2 protein chains.
Amino acid sequence: MSQNNIPYKIYLSEDEIPKQWYNVRADMKNKPAPLLNPATMQPMGFDDLRPVFCDELIKQELDDTTAYIDIPDEIRSFYKMYRPSPLVRAYCLEKALGTPAKIYYKFEGNNTSGSHKLNSAIVQAYYAKQQGLKGVTTETGAGQWGTALSMASAYLGIDCKVYMVKVSYEQKPFRREVMRTYGASVTPSPSMDTEIGRKINAEHPGTTGSLGCAISEAVEVATKTEGYRYVLGSVLNQVLLHQTVIGLEAKAALDKYDITPDIIIGCAGGGSNLGGLISPFMGEKLRGEKDYQIIAIEPASCPSFTRGKFAYDFCDTGMVCPLAKMYTLGSNFIPSANHAGGLRYHGMSPILSQLYHDGYMEARSVEQTSVFEAAEQFARVEGILPAPESSHAIRAAIDEALKCKETGEEKTILFGLTGTGYFDMVAYQKFNDGEMSDYIPTDEELEKSFATLPKVNL
Amino acid sequence: MSQNNIPYKIYLSEDEIPKQWYNVRADMKNKPAPLLNPATMQPMGFDDLRPVFCDELIKQELDDTTAYIDIPDEIRSFYKMYRPSPLVRAYCLEKALGTPAKIYYKFEGNNTSGSHKLNSAIVQAYYAKQQGLKGVTTETGAGQWGTALSMASAYLGIDCKVYMVKVSYEQKPFRREVMRTYGASVTPSPSMDTEIGRKINAEHPGTTGSLGCAISEAVEVATKTEGYRYVLGSVLNQVLLHQTVIGLEAKAALDKYDITPDIIIGCAGGGSNLGGLISPFMGEKLRGEKDYQIIAIEPASCPSFTRGKFAYDFCDTGMVCPLAKMYTLGSNFIPSANHAGGLRYHGMSPILSQLYHDGYMEARSVEQTSVFEAAEQFARVEGILPAPESSHAIRAAIDEALKCKETGEEKTILFGLTGTGYFDMVAYQKFNDGEMSDYIPTDEELEKSFATLPKVNL
């Protein structure tokens, strides 16, 4: 079929929701490096991780050989409430750009959490419930992950404690209220509920918190409270595994119309969306069956892939969590205050880091004013108001489509539209008022941050 | 097919988007009364309405005999970006309620405007462009309509001037920024740009505005600016006509599975969603082909149907717009300040008013704390965070489903879920904090308001 006869939105049926997640590690020759125990600096096994994570999730975290892992029926039932998500042909954007390229995006924003995060939140909450736990703890910054976990916990009837970076708690009251509406308890971090919170409050009176501190608080509460475990929304292998529903659905929808993308683009913060989107395509590439140009897009103000080091580092600023081998800017790196586009994490998924290191994908960084320009252009013609995070991918997709306009190539571009920007209007306002600026960390700043990388001898 | 085998979401294909709107007036024995000229108190014809509305829209406004009106191809193309909207089977809600009832809802929130308003906004903007106009003006309160019109105008490349009630402009900056992102100019009303704005500002220094004043400003700008017309998001016959895509799609989806609803429920402010949802079903009822129980739900604090008078009244508080014969609380009625649930309009669609007057539908009012209880319950099990307006219908659907639980009846309930509540978190916060109260206007208050009804002798 000609690509001129594709519907605006390709919907799969509910029966076509994947029955298994795809574990790309099974097809990787060089496996991602294991997590290290921060106390001993030795690889962590199942028992080391049990105080923090649910048993079934640890198995998934450590399993780098099983290619397909069954999705439990109850999770598939939940997925049916908002999946399959549409694969959209961006006809209006193509027309506005005057490009011969064919652009498709997998839209993950059609659920109340407003992003793809729900795909993993429901899984983590499900296994916690299966294990007979009372609840889960987590941290949230901008709030997408916290919202997703609140929704999943409400659905399953387990408790959800969210530590929200204090500055977000105060400046994003609407996000906080969404979580409360779903029955979660939301605590501004640093709080006085935890040892580490009290310590940080004593050392830095009046601090507005950081993601690293919130992680440390959530982990402390999980490990010290009977019947609770900690859950995380990105970076971990298990999270990428759950997010492969994005890529599996996208591939099934494209296959239905015999479409093979030339270029696959995703934004990258911790890597959950990018990893989920590209995994099935990457699998074909790793097995030598097909080739794709795969591009990770990150903010120039937080450039883990493009300017970071591939090294063992702490996953949290508080240095209490396991270490992962990944592209990192150093665990105390904090993007400039003027950075409004999300994707603020200092590190990157170990799976994606290894794949990038081995040359299976590219990475580019983009500056935020150009990201918001792309967001606005996209919103006006495609109707969807994109999250700033997602707009990084839009920027790159537009750039690639404009290249095709110059060369006349009819490339097929697939990108991930991870979510909606309804709770990001402060950033849009800055952009609308012409008050948004760009920032790129200097080499000196990065060197200073790299100096905190731990020395690891394995 | 048994109703136990229905998918969670029934999606139609893009080919099944309606090709014609259905004009329920064609099947009404008693037609809705004509609009009256506020200067002469005489029925308004095509020429009387030309300074305010686009020609093609006036034709639709006045046409009460043509049953089906073609939808232009360009509008159907736009519809394809976000339609067909899903008809969702509320399995999770049914389970949570333990009811034998089968509940379906037509979800209109999956677009950036967050509601069904976009269905008519694109039509009105389209005909303005067809007529060679430069732009459109309108008013907005909460902002759903303004957002929808901004999106439609951006898509078609015409100008959009929105007069936003000043208190909303200040308290809902995010709504304002969404409209600006779509390129609309947004002016707090009353402004100093118009004669009526300056007059009101002089008479009431420091006023935070009202919807009626914003309407008057938008109409003044439209009639005094070369190449502009005024557009409205509800109440008018033309708007109900455009919104019939909701009901036509819902009916097509139900027909596909041989499902006949027993009860059809919609929230009612000006009537655009309710009218759109019920029209095709009402048509069958008017023609004597089928019977349905049709229920309009309105807030107890703004009870046009249940406590209003069926009389000619002004459509705006400023008394400069045409008069319509409708159920009204009086054009200077303003709901109590504690009312957070939307649906604040003093009047009601003339079409729905006539149908209600003739006994073809019922109406009920509900109090807002019970509305937010229903909203929260729905959000937790169905995942979608509903707009307060839509939650009025949820309340009634839950009540009907609970009645079925008592009687054991397996009734099929269809309701309209008009939109999402992302920009209504201030109201949710009030509810979460236990600070929401109910208010019902006293008979004395209503009598005072009825006293302003104009005397009309036709």
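The values are calculated or read from the model by the stated rules, or taken from the named source; none is laboratory data. Just so it is clear, the structure is predicted and the values come from calculations on it, not from any experiment. All Cβ positions, even for glycine, are placed from backbone atoms using ideal geometry, and neighbour counts span all protein chains on display. These area figures cover heavy atoms from the full protein model, side chains too; ligands, DNA and RNA do not enter into them. Shrake-Rupley method; radii C 1.70, N 1.55, O 1.52, S 1.80 Å.
Note that the range A:386-402 has calculated 3J(HN,Hα) couplings of x, 5, x, 4, 4, 5, 4, 5, 4, 3, 5, 5, 5, 4, 5, 5, 6 Hz, one per residue in order, obtained from phi through the Karplus relation 6.51 cos²θ - 1.76 cosθ + 1.60 (θ = phi - 60°); glycine and proline are x.
Dipole magnitude for chain A: computed about the Cα centre from +1 point charges on Lys and Arg Cβ and -1 point charges on Asp and Glu Cβ, it is near 480 debye. Do any residues of the range B:427-458 show a loss of at least 20 square angstrom of accessible area between the isolated chain and the full protein assembly, using a 1.4 Å probe, and if so which? Residues of the range B:427-458 that lose at least 20 Å² of accessible area once the other chains are added: B:Gln429, B:Asn432, B:Asp433. With all pairs of different C-alpha atoms in the average, the Kirkwood value for the hydrodynamic radius of the range A:124-269 is 16.6 Å. Taking the Cα centre of the range B:232-375 as origin and assigning +1 to Lys and Arg Cβ atoms and -1 to Asp and Glu Cβ atoms, the resulting dipole is close to 300 debye. Ligands, DNA and RNA are left out, and with a 1.4 angstrom probe the accessible area of chain A is 34 Å² per residue.
Of the trypsin sites (Lys or Arg not before Pro) in the range A:201-288, the ones in a loop by DSSP (not H, G, I, E or B) with at most 16 other beta carbons within 10 Å are A:Arg287. Within the range A:239-352, DSSP assigns beta bridges of which about 55% are antiparallel (rounded to the nearest 5). Applying 1/(1 + (r/R0)^6) with R0 = 51 Å to the Cβ-Cβ distance of B:Val426 and A:Asn5, what FRET efficiency is obtained, to the nearest 0.05? After rounding to 0.05, the efficiency reads 0.65.
Both radii are taken from the alpha-carbon atoms of the range B:283-421; with Rh as the Kirkwood radius, Rg/Rh is 1.00. Surface composition of the protein assembly as shown: carbon and sulfur atoms hold 48% of the protein heavy-atom accessible area at a 1.4 Å probe. The charge dipole of the protein assembly as shown, taken about its Cα centre with unit charges on the Cβ of Lys, Arg, Asp and Glu (plus for the first two, minus for the last two), comes to roughly 140 debye. Chain A comes nearest to the axis taking it onto chain B at the Cβ of one residue; that residue and its distance, in whole Å, are A:Tyr422, 2.
Note on chain B: dipole from Cβ charges, positive end direction compared against B:Met192, B:Phe431, B:Cys302; the farthest Cα belongs to B:Met192. Grab the eigenvalues of the alpha-carbon gyration tensor for the range A:272-327, scale each by 5, take roots, and send me the semi-axes largest first in whole angstrom. Ellipsoid semi-axes (Å, largest first): 27, 14, 10. Principal semi-axes of the equivalent ellipsoid, √(5λ) from the alpha carbon gyration tensor of the range A:334-375, are 24, 14, 7 Å from largest down. Each distinct pair of alpha carbons in the range A:137-219 adds a 1/r term; the inverse of their mean, the Kirkwood radius, is 12.4 Å. Across the range B:349-421, counting alpha-carbon atoms alone, Rg and Dmax equal 13.7, 39 Å.
Taking every DSSP beta bridge that has both ends in the protein assembly as shown, the antiparallel portion is near 35%.
Per residue of peptide A:81-93, the mean number of Cβ atoms on other chains within 10 Å of the residue Cβ is 3. Between copies, the label points at A:Lys455 (set 7 angstrom from Cα along Cα-to-Cβ) are spaced 9.9 nm, reported in nanometres from shortest to longest. Restricting the calculation to Cα atoms, the range A:234-279 yields a radius of gyration followed by a Dmax of 11.1, 33 Å.
The other copies place their B:Asp438 label points at 5.7 nm from this one, listed shortest first, where each point is 7 Å from Cα along Cα→Cβ. For the pair B:Lys95 and B:Asp291, a Förster radius of 41 Å applied to the C-beta separation gives a FRET efficiency near 0.90, rounded to the nearest 0.05.
For the range A:221-319, GluC sites (Glu not before Pro) are listed when DSSP marks them as loop and at most 12 other Cβ atoms sit within 10 Å of their Cβ; the list is A:Glu226, A:Glu289. Mean projected area of the Cα convex hull of the range B:127-181, taken over all directions, amounts to 3.4 nm².
Pairwise Cα distances in the range A:74-206 exceed 25 Å in 40 percent of cases. Multiplying the residue separation of A:Asp438 and A:Lys199 by 0.36 nm and subtracting their alpha-carbon distance yields 82.6 nm.
Going from the chain on its own to the full set of protein chains, the range B:170-200 has these residues losing 40 Å² or more of accessible surface (heavy atoms, 1.4 Å probe, no ligands, DNA or RNA): B:Phe174, B:Glu177, B:Arg180, B:Thr181, B:Tyr182. Residue by residue along A:240-249, Cβ atoms of other protein chains within 10 Å of the local Cβ number 0 on average. Highest mean packing first, where packing is the average number of other Cβ atoms within 10 Å per residue, the peptides A:416-424, A:106-114, A:85-93 line up as A:416-424, A:106-114, A:85-93.
The value given for the range B:201-317 is a Kirkwood hydrodynamic radius of 17.0 Å, derived from the mean inverse Cα-Cα separation.
Rg/Rh, computed from the Cα trace of the range A:370-458 with Rh as the Kirkwood radius, has the value 1.13. Which one, B:Gly233, B:Leu36, B:Leu414, is farthest towards the positive end of the dipole of chain B when Lys and Arg carry +1 and Asp and Glu -1 on their Cβ? Going by the charge dipole, the pick is B:Gly233. For the chain pair B and A, buried accessible area totals roughly 4000 Å², probe 1.4 Å, rounded to the nearest 100.
Taking Cβ atoms as reference points and 14 Å as the exclusive limit, the residues near A:Glu400 contribute a net charge of -1, counting Lys and Arg as +1 and Asp and Glu as -1. Once the convex hull of all Cα atoms in chain B is built, its volume per residue stands at 136 Å³.
Distance between the C-alpha centres of the range B:1-61 and the range A:326-354: 52 Å, rounded to the whole angstrom. With a Förster radius of 45 Å applied to the beta-carbon distance between A:Thr207 and A:Asp55, the computed FRET efficiency rounds to 0.80. Considering all C-alpha pairs of the range B:1-141, those separated by over 28 Å amount to 38%. Note that the range B:335-349 has calculated 3J(HN,Hα) couplings of x, 3, 4, 7, 7, 10, x, x, 6, 9, 6, 6, x, 7, 2 Hz, one per residue in order, obtained from phi through the Karplus relation 6.51 cos²θ - 1.76 cosθ + 1.60 (θ = phi - 60°); glycine and proline are x. Of interest is the spacing of the C-alpha centroids, which for the range A:66-131 and the range B:164-204 amounts to 38 Å.
Considering only beta bridges that DSSP places wholly inside chain A, some 35 percent are antiparallel. Only lysine pairs 8 or more places apart, or on different chains, with alpha-carbon atoms under 20 angstrom apart are counted in the range B:98-204, and they number 8. Note on the range A:283-363: semi-axes of the ellipsoid equivalent to its C-alpha gyration tensor, largest first and rounded to whole Å, are 25, 16, 9. Our helix-only sum for chain A, with -39,500 (n - 2.57) per DSSP H run of n ≥ 4 divided by its residues, gives a mean residue ellipticity at 222 nm of -12000 deg cm²/dmol. Can you give the angle from 0 to 90° between the axis of helix A:368-382 and the longest principal axis of chain A, with both taken from C-alpha atoms, to the nearest 10? Orientation of helix A:368-382: about 50 degrees from the principal axis. Which whole-number percent of Cα pairs in the protein assembly as shown have a distance greater than 40 Å? Roughly 38 percent, rounded to a whole number.
Each copy carries a label point for B:Gly132 at 7 Å from Cα along the beta-carbon vector; from one copy to the others these points are 8.0 nm apart, nearest first.
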